[in-house]
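To start, the structure under review is shown below, and the notes come after it.
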Amino acid sequence: MTGVLRREPAIDFQSAFAAGLDGIIDAEVLRLSAQQGRILVSHDRKTMPSEFAAFITDQQSAGVIIVSRKLPFETVIEELLLIWAVSSAEEWVNRIAKLPL
C-alpha cells in the first residue's frame, strides 16, 4: 500500500502483487509470509480466518490483519501506522485481528 509507505518509508511493506502472491491459495500465502516473517494484511474475510486457524495448529505465523474493503483508505493507513507504532512484531505472532480495531 503506497499510502502507508508514503507516510512511513521505514515500514517494510510489500503488496501482494510485488510479492508475487496474486492467485496463490491462502495456505501458501500464509506459509510464504511466515517464512519471510511478515504480517499478512488481507481483504479476505471469508476464507483467511479459517485457513489461519488451521495454519497455526502446527506452524507459526507472523500474524494476520484482515481489512474490510468498506473502510476508507485513509482509515486503513492510519490504523496500520498506529499498529506499527505501538506494537512489536512479537505481539502479532499467531494473532489475527480485523480493521477497524
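The values are calculated or read from the model by the stated rules, or taken from the named source; none is laboratory data. These numbers were taken from a predicted model, which means no experiment stands behind them. We place every Cβ from the backbone using ideal geometry, glycine too, and count neighbours over all the protein chains shown.
Summary of values
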read-out	value
Segment 1-42, residues that are outside any loop (DSSP other than H, G, I, E, B) and small (Gly, Ala, Ser)	GLY3, ALA16, ALA18, ALA19, ALA27, SER33, ALA34, SER42
Flag for VAL41 being on the phi < 0 side of the Ramachandran plot, in contact with a strand residue (DSSP E or B) (Cβ under 7 Å, 6 or more places away or on another chain) and of a type outside the set (Lys, Arg)	yes
Any chance ALA97 is surrounded by 12 or more Cβ atoms within 10 Å (Cβ to Cβ) and not in a helix (DSSP H, G or I)	yes
Exclusive hit being of a type in the set (D, E, K, R), touching a Pro at 6+ places or on another chain (Cβ under 7 Å) and outside any strand (DSSP E or B), set GLU90, GLU79, GLU51, GLU74	GLU79
Filter result for GLY20 (surrounded by fewer than 16 Cβ atoms within 10 Å (Cβ to Cβ) and either among the aromatic types (Phe, Trp, Tyr) or without any contact (Cβ under 8 Å) to a residue 60 or more places away in the chain (or both))	yes
From the options ASP22, ASP58, residue that is at negative phi and at pLDDT below 95	ASP22
Lone qualifier among SER88, SER42, SER68, SER61 - being more than 11 Å from the chain's Cα centre (by Cα), of a type in the set (Ser, Thr, Tyr) and under 23 Å from ILE24 (Cα atoms)	SER68
